[in-house]
Amino acid sequence: MEILHDPAFTVVRVPEGPSGMAWLRAHVARFSEGEDHRRRRGLAVRLLEEIDPASLRRPGHPVAALASALGLPPTVSADVELAAAHYQPHDGTTPEADAAVARLVSACGGAWSEDTAARIGLLVQACAATRAYIAGAETPVPATRRVAPSGEEILVSLRDAPFGAGRHACPGEAHARAIADGATVFRRLHHADEPLLLPNAWDVASAAVLVQEGFAAVGTTSLGVAATHGKPDAAGATRRETLALARSLVELSVPISVDVEAGFGANPAELARELSAIGVAGVNLEDGRGTDLESVAVQCALISAFKAAAPELFVNARVDTDWLSVRTSETTMRARAYADAGADGVFVPGLRAPDEIENLVRTLGEVPLNLLAELPFDRLRDLGVRRVSTGSLLFRSALTQAARTAVAYRTGQAIPEAMSYDDVEGARLRSRR
Ligand code: HEM
């Protein structure tokens, strides 16, 4: 560890580069020494001083909120990932990584300057290490390289100093901890003393009212979203509407989980990255296709593709065996297969038999089981269920109440109680971050 404090041991020096990765490495603090290092580190530290770590405590891609705080669109996270994979000189570069750096420079205003390099450098430094930290690594950066006075390149273990030490020590530790905390809030809610009661909204107003009522997280109902737009549910027809709703819901102060049906027939990696960049905490991914089920292999591949593209996204794999009343003998096998494919939770709507629930909880072990609110909450908790969703119930109740109110007026009956105009407006204002 003394090596990191010893000026005779330098960081790996990199050659000047006019563009791409070579330019980035040649202009950031990470690969500089002496006066260049002091000046470049100063730029990074000043940028960080302007960002309150608490503002980064939100779900989604580890660099999306940081990008927004640095005045960049959260969607730059895909290019940051490409650059991060080739940041270290020993990783070389690729035309794709070089092109990603060029796009990042453009997003920063187009100047190939040290200021621009400092902004991109922060995002790139934040990317892989924070992801590893979120995934639970105790030493997200296991080792770093230094050049000895003899010219030999050596590896220095960071086991006792996960954020480094000496003049190159990480200046983003508080920010990293806040990002990781925000990214894991939703997951932690599945492992708390009480199961997570997740109500499902269909628009901003319904979600805002639920946040105001104190629910710790909000999901969406695909039936509610589809029906609101006059479209069929579970037909892959609402990708645009679902993403537009997700963009609005992430402004609320609680984690948001989005029902993406079976993935809308989209490229799963693209959809997962987009949701994560928006700041969504989780998704529901179902294996029902019309009146039957997708094959286990294809569904597992879909789940794995989501997790590989956006590991921070909580993927709740829905098993539609009981819901569609088909192949109910496969429920346990499918649940286990989806968990093995990387699902963070398993959802079996329609499962009500207590002995089957207990068996499934046992089979899943640490992977939380999610059921619909069809048995009393306490009963589900005692059976070991970790998440209880209301599904489309709230949406259907709202429609029932709306129709009842209109009919009551038409038939001269008493009008059922309703929220006031100010209540609705107040919920909108108070439910935001
Ligand atoms: C858990 C996540 C993170 C870990 C474990 C981590 C760890 C480290 C380590 C070990 C170094 C020193 C490397 C060396 O001495 O060779 C470093 C440098 C750096 N980190 Fe982090 N980091 C994390 C997240 C972040 C974040 C979120 C930011 C920005 C907000 C950031 C910005 C930087 C910068 C700019 C440097 C270069 C400093 C210099 O060379 O003077 N890091 N980080």
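The values are calculated or read from the model by the stated rules, or taken from the named source; none is laboratory data. Every value quoted in this text rests on a predicted model; they were computed, and no experiment measured them. So basically every Cβ, Gly included, is an ideal-geometry build from the backbone, and we count neighbours across all protein chains shown.
Selection of the stretch 123-179 for residues being without any contact (Cβ under 8 Å) to a residue 24 or more places away in the chain and assigned to a loop (DSSP other than H, G, I, E, B) yields G136, A137, T139, P140, V141, P142, S150, G151, E152, L158, R159, F163.
At least 1 residues being more than 30 Å from L249 (Cβ to Cβ) is the threshold, and among the helices (runs of 4 or more DSSP H) wholly inside the stretch 1-75 those reaching it are 20-27, 34-49.
Exactly one residue among E194, E173 is surrounded by fewer than 15 Cβ atoms within 10 Å (Cβ to Cβ) and near the ligand (Cβ under 9 Å from one of its atoms), and that residue is E173. Of the set (1) surrounded by 14 or more Cβ atoms within 10 Å (Cβ to Cβ); (2) touching a residue at least 40 places away in the same chain (Cβ under 8 Å); (3) not aliphatic (A, V, I, L, M), all apply to C108 but (2). Applying a threshold of 6 Å to beta carbon distances and a minimum spacing of six or more residues, or different chains, the list of pairs starting in the stretch 347-367 at a residue that is under 20 Å from V283 (Cβ atoms) and at pLDDT 95 or above and ending at one that is loosely packed, with under 13 Cβ neighbours inside 10 Å and of a type in the set (G, A, S) is empty. For the stretch 176-191, filtered to residues that are in contact with a helix residue (DSSP H, G or I) (Cβ under 7 Å, 6 or more places away or on another chain) and of a type in the set (A, V, I, L, M), the residue that is nearest to the ligand (Cβ to nearest atom) is A176. Is it true that some residue in the stretch 146-159 is near the ligand (Cβ under 7 Å from one of its atoms) and either in contact with a helix residue (DSSP H, G or I) (Cβ under 6 Å, 6 or more places away or on another chain) or at pLDDT 95 or above (or both)? Within the stretch 146-159, one or more residues are near the ligand (Cβ under 7 Å from one of its atoms) and either in contact with a helix residue (DSSP H, G or I) (Cβ under 6 Å, 6 or more places away or on another chain) or at pLDDT 95 or above (or both).
Looking only at residues in the stretch 372-388 that are in contact with a helix residue (DSSP H, G or I) (Cβ under 6 Å, 6 or more places away or on another chain) and either of a type in the set (A, V, I, L, M) or surrounded by 22 or more Cβ atoms within 10 Å (Cβ to Cβ) (or both), which one is farthest from S295 (Cα to Cα)? Of everything passing the filter in the stretch 372-388, L383 is farthest from S295 (Cα to Cα). Could we say that A317 is closer than 19 Å to R289 by Cα, surrounded by fewer than 20 Cβ atoms within 10 Å (Cβ to Cβ) and of a type in the set (A, V, I, L, M) here? Criteria not met by A317.
Could you list all residues from the stretch 351-367 that are acidic (D, E) and exposed (fewer than 13 other Cβ atoms within 10 Å of the Cβ)?
Once the filter is applied, which keeps residues that are acidic (D, E) and exposed (fewer than 13 other Cβ atoms within 10 Å of the Cβ), the stretch 351-367 yields D355, E366.
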